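A.B. asks: Encoded as structure tokens, here's the structure I'll be asking about.
The values are calculated or read from the model by the stated rules, or taken from the named source; none is laboratory data. Because the structure is predicted, anything quoted here is derived from the model rather than measured. Cβ sites come from the backbone with ideal geometry, for glycine too, and all protein chains shown count toward neighbours.
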Amino acid sequence: MKQDDAPVLTPGQDNTQIMGLDFHNPVFPLSALAILAFILYALVYPDAANSQLGAARGWSIEHFDWLFMIAGNFFVLFCLALIVLPLGRIRLGGAQARPEYSRLSWFAMLFAAGMGIGLMFWSVAEPVAYYTDWYGTPLNAAAGTAEGASAAMGATMFHWGLHPWAIYGVVGLSLAFFAYNRGLPLTLRSAFTPLLGRHTRGWIGHTIDIVAVLATIFGLATSLGFGASQAAGGLAYLFNIPNTLGTQIAIIVLVTVVALFSVWRGIDGGVKLFSNINMVIALALLLFVVITGGTLMFVNGLVSTTLDYVTHIVPLSNWIGREDTTWYHGWTVFYWAWWISWSPFVGMFIARVSRGRTVREFLTAVLLVPTLVTIVWMSAFGGNALSQSAAGVGELANGIGDVSLAMFHMLEQLPLTTLTSSLAILLVLIFFITSSDSGSLVIDNITAGGKTDAPRSQRVFWATLEGVIAGVLLYGGGSTALSALQAGAVATGLPFTLVLLVMCFSLALGLHQEQRKQRLAAA
Amino acid sequence: MYNKIMVPVDLAHLDPLAKALEVAADLARHYRAEVCYAGVTATAPSPLAHTPQEYQQKLDAFSKQQAAEHGQPVSARVVISHDPAADLDAVLVKAIEESGVDLVVMGTHLPRHLGILMPSHGGKVATHTDASILLVRP
């Protein structure tokens, strides 16, 4: 690399090394302080925190619904364009680079980090919620009708299909491109160097990185807290284990300990291993539901789910003159803000494991494959749930009372309930582990100035902190404190929407320059 | 007795390695052996090199400089690790097996904050390979 060509950022260049640690100054200390401040706020004034952070989230959804919708659609079109344009031939890491992971492991890792637990609970709960008008119906479709069922499946696919993955795709591709093709540190600020140059080293860069750390840790910790109470609810329902605070804390401790083991073992020995286990169990559960729920119904479901998605994607993407405001603000815009607040974490993790893929291959795998998998998963789980609800069979006939139990209500109507429900709980726990370990690696990367070889004690610190936050909030403030910080994490979706839009521009610029450089080199 | 000696090096922290490098050079001259300098790097940009290719160039340059001092044949082996903080032992063991070295000379006390060759690495590597391991304290 020539001198004039040298990147404006170098991994770890602003790091402080003391007591065997190696961290970015000020991103690490300021992130830690802000985390502490928010936790104290949520613990000491849980109600005030909940209403204020909830108001921030509500405000961003209420006033910027159009921005979220336009941005969401733009990200999908942007990614699809890169797949078909000649720019798609550019390889991450240069023409000579080769992928470091098999396709299967690579896919298992990105899927486990990106969707996971949510899909477990919502693939059953969400279609039923729309079908039974739990909190509005998509496009005001009549609840309980065939039309309502079709809109329910279409809308669920809309929330879990191309749009979320396009968001992850944009962030993942930007970070991977600027790290592997431009030699910039693997941290969020690097994506802005074509526009901001040396300024990315200053406060703009610090702010972007710190907000990313906060969104990631609070997103993960509150999900872990809520997930622990959901898993405890499942255990109580299935095995009559009392759903006490003790049980919930025990689940958090268990997940955190296994996640610690996983981050300690690293990407190959831990994260990849658990992602693969995860995929195998998920596949087993899927096959079981397909076979026992009716294979023919499933095959029909594949076709109808796809059609429901295709026919509803355009009206659902529209933001002008919507009449289903309650539904679309409460679900679609909320989801978009939620996915965007997760995007620094998922995008960065995807980037970390994607060197050697071409832009086209990367986006196809990040956008299209998960969408196809979700169609399959949704046809099996959502399809069964909807047909039970429509036929008036079991608990789902009454709609979803408790979201966390919807999955178990559905499995109850199929054979071998105890076995499959236990498998489902196990899967939920492993999904938590794979989110927690990859999340800790990402936070460690960001707070170490983009270094991937910072001392292991730092990633242990972040993984532990995540469990501690979940436990302390649950113990000290209950679900009010958890909701407060989750609202705070979702509220970061608004500023990050702008960050992501700028990132697209920056990435397009970078890819264009790269293509020109390659053409010149070839000529 | 020994044909190929491997010395794992951390290009970012060469000072504490001085003694191990000297021992390796002496042994290489004595046994007329080749010295293979092995460096571990991640594929993501690091403070030392923006790409694995750049790291290879630096390691090549370092090996040539060593060769100029001890006069024995050298080679430079870049070992790619997905997660150097976690799987350094594993990738080193694999590199030792693949490159057919019969003696490994390892410096044992490098700066703790880099974790690149902490004292425990030597022991771990020794239990997992057939090659002889010489641990050199600074």
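A.B. asks: Taking the condition of being over 30 Å from A:Val8 (Cα atoms), away from chain B (no Cβ under 14 Å) and surrounded by 23 or more Cβ atoms within 10 Å (Cβ to Cβ), how many residues in the stretch A:431-473 meet it?
C.D. replies: The qualifying residues number 11.
A.B. asks: Here is a further query. Quickly run through the stretch A:86-103 and pick out the residues that are surrounded by fewer than 17 Cβ atoms within 10 Å (Cβ to Cβ) and either in contact with a Gly (Cβ under 7 Å, 6 or more places away or on another chain) or in contact (Cβ under 8 Å) with a residue 60 or more places away in the chain (or both).
C.D. replies: A:Pro86, A:Arg89, A:Gly94, A:Ala95, A:Arg98, A:Arg103
A.B. asks: Please specify each residue of the stretch B:42-86 satisfying the condition of being surrounded by 19 or more Cβ atoms within 10 Å (Cβ to Cβ), under 15 Å from B:Asp10 (Cα atoms) and within 7 Å of chain A (Cβ to nearest Cβ).
C.D. replies: The answer is B:Ala42, B:Ser46, B:Pro84, B:Ala85.
A.B. asks: Any idea which of A:Leu82, A:Leu9 is touching a Lys or Arg at 6+ places or on another chain (Cβ under 8 Å) and modelled with pLDDT of 95 or more?
C.D. replies: A:Leu82
A.B. asks: Taking into account only those residues within the stretch A:134-144 that are closer than 21 Å to A:Asn318 by Cα and under 27 Å from the mean Cα position of the chain (by Cα), which is surrounded by the fewest Cβ atoms within 10 Å (Cβ to Cβ)?
C.D. replies: Checking each candidate, the answer is A:Tyr135.
A.B. asks: Now for a separate question. Just a yes or no: is a residue in the stretch A:318-338 farther than 26 Å from A:Phe64 by Cβ and either in contact (Cβ under 8 Å) with a residue 40 or more places away in the chain or surrounded by 20 or more Cβ atoms within 10 Å (Cβ to Cβ) (or both)?
C.D. replies: So far as the stretch A:318-338 goes, no, none of its residues is farther than 26 Å from A:Phe64 by Cβ and either in contact (Cβ under 8 Å) with a residue 40 or more places away in the chain or surrounded by 20 or more Cβ atoms within 10 Å (Cβ to Cβ) (or both).
A.B. asks: Scanning for something in a helix (DSSP H, G or I) and within 19 Å of A:Pro46 (Cα to Cα), does the stretch A:443-451 turn up at least one residue?
C.D. replies: No.
A.B. asks: Would you say A:Ala406 is of a type in the set (A, V, I, L, M, F, W, C), in contact with a strand residue (DSSP E or B) (Cβ under 6 Å, 6 or more places away or on another chain) and surrounded by 24 or more Cβ atoms within 10 Å (Cβ to Cβ)?
C.D. replies: Criteria not met by A:Ala406.
A.B. asks: Could you look through the stretch A:351-370, keep only residues that are part of a loop (DSSP other than H, G, I, E, B) and out of contact with any strand residue (DSSP E or B) (no Cβ under 8 Å at 6 or more places or on another chain), and pick out the one that is surrounded by the most Cβ atoms within 10 Å (Cβ to Cβ)?
C.D. replies: Out of the qualifying residues, it is A:Ser354.
A.B. asks: May I ask you to verify whether A:Thr193 is within 22 Å of A:Phe38 (Cβ to Cβ), within 14 Å of chain B (Cβ to nearest Cβ) and in contact (Cβ under 8 Å) with a residue 60 or more places away in the chain?
C.D. replies: no
A.B. asks: Against the conditions (1) touching a Phe, Trp or Tyr at 6+ places or on another chain (Cβ under 9 Å); (2) surrounded by 22 or more Cβ atoms within 10 Å (Cβ to Cβ); (3) closer than 30 Å to A:Thr434 by Cβ, where does A:Phe111 fall short? Just the number, please.
C.D. replies: All conditions pass for A:Phe111, except number (1).
A.B. asks: Only one of these conditions is not met by A:Val428: (1) at pLDDT below 90; (2) under 17 Å from the mean Cα position of the chain (by Cα); (3) crowded, with 24+ Cβ neighbours inside 10 Å. Which number is it?
C.D. replies: (3)
Table: residues versus (1) of a type outside the set (Phe, Trp, Tyr); (2) assigned to a helix (DSSP H, G or I); (3) buried (at least 17 other Cβ atoms within 10 Å of the Cβ).
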| position | (1), (2), (3) |
| --- | --- |
| A:Leu260 | yes, yes, yes |
| A:Gly270 | yes, yes, yes |
| A:Phe274 | no, yes, yes |
| A:Ile281 | yes, yes, no |
| A:Leu287 | yes, yes, no |
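A.B. asks: Read through the list (1) more than 14 Å from the chain's Cα centre (by Cα); (2) at pLDDT 85 or above, then give the number of the only condition that B:Asp102 fails.
C.D. replies: It is condition (1) that B:Asp102 fails.
A.B. asks: Quick one: count up the residues across the stretch A:332-372 that are more than 14 Å from chain B (Cβ to nearest Cβ) and within 16 Å of A:Gly219 (Cβ to Cβ).
C.D. replies: 14
A.B. asks: Looking only at the stretch A:82-104, decide whether some residue is closer than 30 Å to A:Ile277 by Cα, out of contact with any strand residue (DSSP E or B) (no Cβ under 6 Å at 6 or more places or on another chain) and away from chain B (no Cβ under 14 Å).
C.D. replies: yes
A.B. asks: Here is a further query. Consider A:Ser262 against the criteria (1) touching a residue at least 24 places away in the same chain (Cβ under 8 Å); (2) away from chain B (no Cβ under 14 Å); (3) among the hydroxyl-bearing types (Ser, Thr, Tyr): it satisfies all of them except one. Which criterion is unmet?
C.D. replies: The single condition A:Ser262 does not satisfy is (2).
A.B. asks: Only one of these is surrounded by fewer than 24 Cβ atoms within 10 Å (Cβ to Cβ) and among the hydroxyl-bearing types (Ser, Thr, Tyr): A:Thr187, A:Thr193. Name it.
C.D. replies: That would be A:Thr193, the only listed residue that is surrounded by fewer than 24 Cβ atoms within 10 Å (Cβ to Cβ) and among the hydroxyl-bearing types (Ser, Thr, Tyr).
A.B. asks: Give A:Thr326, A:Thr374 a once-over and let me know the one that is among the polar types (S, T, N, Q), under 20 Å from the mean Cα position of the chain (by Cα) and either outside any helix (DSSP H, G or I) or at pLDDT below 95 (or both).
C.D. replies: A:Thr374
A.B. asks: Now a separate question. Which condition number in (1) surrounded by fewer than 17 Cβ atoms within 10 Å (Cβ to Cβ); (2) under 24 Å from the mean Cα position of the chain (by Cα); (3) in contact (Cβ under 8 Å) with a residue 24 or more places away in the chain is the one that A:His63 fails?
C.D. replies: It is condition (3) that A:His63 fails.
A.B. asks: Output the qualifying pairs, or none if there are none: Cβ atoms under 9 angstrom, residues six or more apart or on different chains, first residue in the stretch A:154-169 and under 9 Å from A:Pro370 (Cβ atoms), second residue not in a helix (DSSP H, G or I).
C.D. replies: Going by the 9 Å Cβ cut-off, the qualifying pairs are A:Trp160/A:Met115; A:Pro164/A:Met115; A:Trp165/A:Met115.
A.B. asks: Right, another one. Contact list please: Cβ distance under 8 Å, first residue in the stretch B:67-83 and within 17 Å of B:Gln57 (Cα to Cα), second residue assigned to a strand (DSSP E or B) and of a type in the set (D, E, K, R), pairs at least six apart or on different chains.
C.D. replies: Listed by first residue and then by second, the contacts come to B:Val74/B:Glu34; B:Ser75/B:Glu34.
A.B. asks: Let me ask something else. Is it the case, given these coordinates, that A:Ser483 is in a helix (DSSP H, G or I), surrounded by fewer than 24 Cβ atoms within 10 Å (Cβ to Cβ) and over 20 Å from the mean Cα position of the chain (by Cα)?
C.D. replies: no
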